[in-house]
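Here's the structure we're looking at; comments come further down.
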Amino acid sequence: MSPEERQLIAGLFERTKSAAATPRDQEAETFINEQVKAQPAAPYLLAQTVIVQEQALQGANARIEELEARVNELESKGAGGFLGGLFGGSRPAAPPRSAPRRMRSLKRSRW
């Protein structure tokens, strides 16, 4: 185990320690304990799964932030160039037109 892996595992258990005082579903806790007795490797595999998922979430969040920053940058520059506004790229979205359509359909139904 590398020092980084040890730190990740320690962090995981530190977070579980801080949540230990919260109320738990007794039936669920009993069932989980039974499953751990039947599958002694479960805590290892569950810790591994949680850490991998946390790393994936951190990566996804970083990518989302990167893409949002890029969108903001492009919007602030008024990006679009020669054909930018041709297909609505730099124009604000049109307001929804659902209310007028309803009114038209109501008018038709009265006739």
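Points worth noting:
- Accessible surface for segment 29-73, divided over its residues, is 82 Å² per residue with a 1.4 Å probe.
- In order through segment 45-52: 3J(HN,Hα) via Karplus (6.51 cos²θ - 1.76 cosθ + 1.60), integer Hz, x for Gly, Pro: 5, 5, 4, 4, 5, 4, 5, 5
- Per-residue HN-Hα couplings for segment 53-59 [Karplus 6.51, -1.76, 1.60; θ = phi - 60°; Hz; x = Gly/Pro]: 5, 4, 5, 5, 5, 4, x
The values are calculated or read from the model by the stated rules, or taken from the named source; none is laboratory data. Being a predicted model, the structure only gives us computed values, none of them experimental. Ligands, DNA and RNA are excluded from the accessible area calculation, which covers all protein heavy atoms including side chains. Shrake-Rupley method; radii C 1.70, N 1.55, O 1.52, S 1.80 Å.
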